[in-house]
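A.B. asks: One structure, pasted below without further comment.
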Number of protein chains: 2
Amino acid sequence: MEKNLKRRETMHRLCAKGLEIFHEKGYYNTSLDDILKELELSKGAFYHHFKSKEDYFITIIQNLIVQKVYALLVEPLNTQENPLPIILDSLENALEPGKRNEMAYGFMLNDFLTEFNKRNLEISTYLKDIIKVWEVNLVSVLKRGKIDGHIARHIDCEGVATYIIASYLGMRSLLMDNTNRQLKYQYVQQLKHYFNSITERSVIA
Amino acid sequence: MEKNLKRRETMHRLCAKGLEIFHEKGYYNTSLDDILKELELSKGAFYHHFKSKEDYFITIIQNLIVQKVYALLVEPLNTQENPLPIILDSLENALEPGKRNEMAYGFMLNDFLTEFNKRNLEISTYLKDIIKVWEVNLVSVLKRGKIDGHIARHIDCEGVATYIIASYLGMRSLLMDNTNRQLKYQYVQQLKHYFNSITERSVIA
DNA sequence: TGTTAAACCGACTCAATGGTCGGTAACAAT
DNA sequence: ATTGTTACCGACCATTGAGTCGGTTTAACA
């Protein structure tokens, strides 16, 4: 059964390196040879494991990107506390540059979303579904926050979720190259102001 | 001097159609032939007017994109009123789908910014400069708003500008394909909440 | 009208890239 | 050991797309 291990190992190396380079240079701007060269693998090896470049990227999405988004943005929402600080923390953490060897800035939804939009419907759909899951989870946690009296009653939770997602995606655009720590700080600051504005005012004025 | 007219006319047709298709399918994913076919022009015509595809796109940025951003996002800021409603209006307007033949959703800074990031430094720089000008103008109008007593004194204007830009760029990602009018409405709603939170509370109270 | 120079044509080159395929090496099962 | 299967190799193919270039048309002007 060592063959099976080898298979998984090679596929995993391909996916990990692929994500890294696709994120760095963009999907359409990266050739398979670019990736293969770095891994010292051949065309044959690649097509033995994946049926096309597209299939390959879908595997990457499902195995790596989804997990990353869940770990950074969805799972942290699973608590019973006031959701706003939790959300704030998760966003701040997701914008953190990766440690050492890790990929910079956690991940790259906005980049891929933009790149595939109108160019590859199938991949776009996969990516949008990820956002959708995040959104649904945000909305649900916000609604609970409303019930628990942390969020003002007149607030539109779907709107808040949309707004949070938009600002986050946009920040990722601005942080792009930029090692500007300032930007992230500014973002978190303003998000706090915003969250303040949708917080339930203590009934005992 | 009719030759000169012809020249300008052809170059303009090329730029306009180029922007349209680049925006639709992405720069790297659009071949010159795609554009030339639609205009019924030849390779020869193209290279008679532009020295490369890159040069061509830079011309498009300078002639069309810059103007669009100015018209939609910078010039409206030139008033003496309370800046927050003005900014709100300009953003709402900029997210408006174009009338009939016009390009959908005004323009496409975020898309190009993402596409060229780390792939073409020169073009990236041009695009970032556009954002920079917008930012500078936002900051200056916000600072005036503070002086005029519309914005709370403790607010960090640079932070506000960054946050506004981020949320706007992100919205453009979400609105992408989507004809979802709801999204835009939600965005404007939440932006109002946010603006409320940075508004100077009436001193009398 | 003849000359010149711009505008434009389109076949061609050349490199890049996704994908194919026949073959080889290593391991597993009998 | 033999046989079959899986992982992998790398030359090759087909297509695409940026850029070239010699030639043709058209407008300006002497």
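A.B. asks: What FRET efficiency would be calculated for the residue pair A:Asp55, A:Gln189, taking the C-beta separation as r and a Förster radius of 51 Å, to the nearest 0.05?
C.D. replies: Efficiency computed from Cβ-Cβ geometry: 0.75.
A.B. asks: Per-residue Cβ counts within 10 Å, from other chains only, averaged over B:150-161: what number is that? Spell out each step's value before the answer.
C.D. replies: Values: counts 0, 0, 1, 0, 0, 3, 5, 0, 3, 10, 4, 2.
Mean shielding by partner chains, rounded to a whole number: 2.
A.B. asks: Can you give the FRET efficiency for B:Lys3 and B:Thr79, using 1/(1 + (r/R0)^6), R0 = 56 Å, r = Cβ-Cβ distance, to the nearest 0.05? Could you put the intermediate results ahead of the total?
C.D. replies: Working: r = 43 Å, r/R0 = 0.78.
According to the calculation, E is roughly 0.80.
A.B. asks: For chain B, what does the helix formula give at 222 nm: sum of -39500 (n - 2.57) over DSSP H segments with n ≥ 4, over the residue count, nearest 500 deg cm²/dmol?
C.D. replies: -21000 deg cm²/dmol
A.B. asks: Do any GluC sites (Glu not before Pro) in the range B:38-139 lie in a loop, going by DSSP, with at most 12 other beta-carbon atoms within 10 Å of their beta carbon, and if so which? Write down the numbers at each step before the final one.
C.D. replies: On the way: sites: B:Glu38, B:Glu40, B:Glu54, B:Glu81, B:Glu92, B:Glu102, B:Glu115, B:Glu122, B:Glu135; in loops: B:Glu40, B:Glu81, B:Glu102.
Hits after loop and neighbour filter: B:Glu40, B:Glu81, B:Glu102.
A.B. asks: Can you list the HN-Hα couplings for the range A:155-160, worked out from phi with the Karplus curve (6.51, -1.76, 1.60; θ = phi - 60°), rounded to whole Hz and with x for Gly and Pro?
C.D. replies: Listing the rounded values in order: 6, 8, 4, 4, x, 4 Hz.
A.B. asks: I would also like to ask the following. By count of other Cβ within 10 Å, fewest leading, how are B:Arg172, B:Arg13 ordered?
C.D. replies: Details: B:Arg172 24, B:Arg13 14.
With the fewest neighbours first, B:Arg172, B:Arg13 line up as B:Arg13, B:Arg172.
A.B. asks: State, as an integer percentage, the relative contact order of the range B:58-197 based on alpha-carbon contacts under 8 Å between residues 6 or more apart.
C.D. replies: Normalised by residue count, the contact order of the range B:58-197 is 26 percent.
A.B. asks: Evaluate the distance, in nm, between pseudo-label points positioned 7 Å from the Cα of A:Ala71 and of B:Asp148 along their respective Cα→Cβ axes.
C.D. replies: Distance between label points: 4.9 nm.
A.B. asks: Along the charge dipole of the protein assembly as shown, which of B:Gln62, A:Ile21, A:Leu72 sits closest to the positive end, that is, farthest toward it, with unit charges on the beta carbon of Lys, Arg, Asp and Glu (+1, +1, -1, -1)?
C.D. replies: Ranked along the dipole, the leading option is A:Ile21.
A.B. asks: What ranking of B:His49, A:His23 emerges when the number of other C-beta atoms within 10 Å of each C-beta is taken as an exposure proxy, fewest first?
C.D. replies: Lowest to highest Cβ neighbour count: B:His49, A:His23.
A.B. asks: Further, regarding this structure: Would you mind getting me the FRET efficiency between A:Asn196 and B:Ser42? Use the beta-carbon distance for r and R0 = 60 Å, nearest 0.05. Before the final figure, lay out the partial values.
C.D. replies: Working: r = 60 Å, r/R0 = 1.00.
Efficiency for this residue pair is about 0.50.
A.B. asks: Holding the Cα-Cα limit at 20 Å, pick out from B:Lys6/B:Lys51; A:Lys6/A:Lys43; A:Lys68/B:Lys184; A:Lys192/B:Lys192 the pairs that are longer than that.
C.D. replies: Among B:Lys6/B:Lys51; A:Lys6/A:Lys43; A:Lys68/B:Lys184; A:Lys192/B:Lys192, the Cα-Cα distance tops 20 Å for A:Lys68/B:Lys184.
A.B. asks: Taking H placed 1.01 Å from N in the peptide plane, check which residues at least 5 places from A:Thr199 or on another chain put their amide H under 5 Å from its amide H.
C.D. replies: Those qualifying (amide H under 5 Å, at least 5 residues apart or on another chain) are A:Ala152.
Read-outs throughout are calculated quantities, based only on the coordinates presented, and are distinct from any laboratory measurement. None of the values given here were measured: they were computed from a predicted structure. Cβ atoms come from the backbone with ideal geometry, glycine included; neighbour counts cover every protein chain shown.
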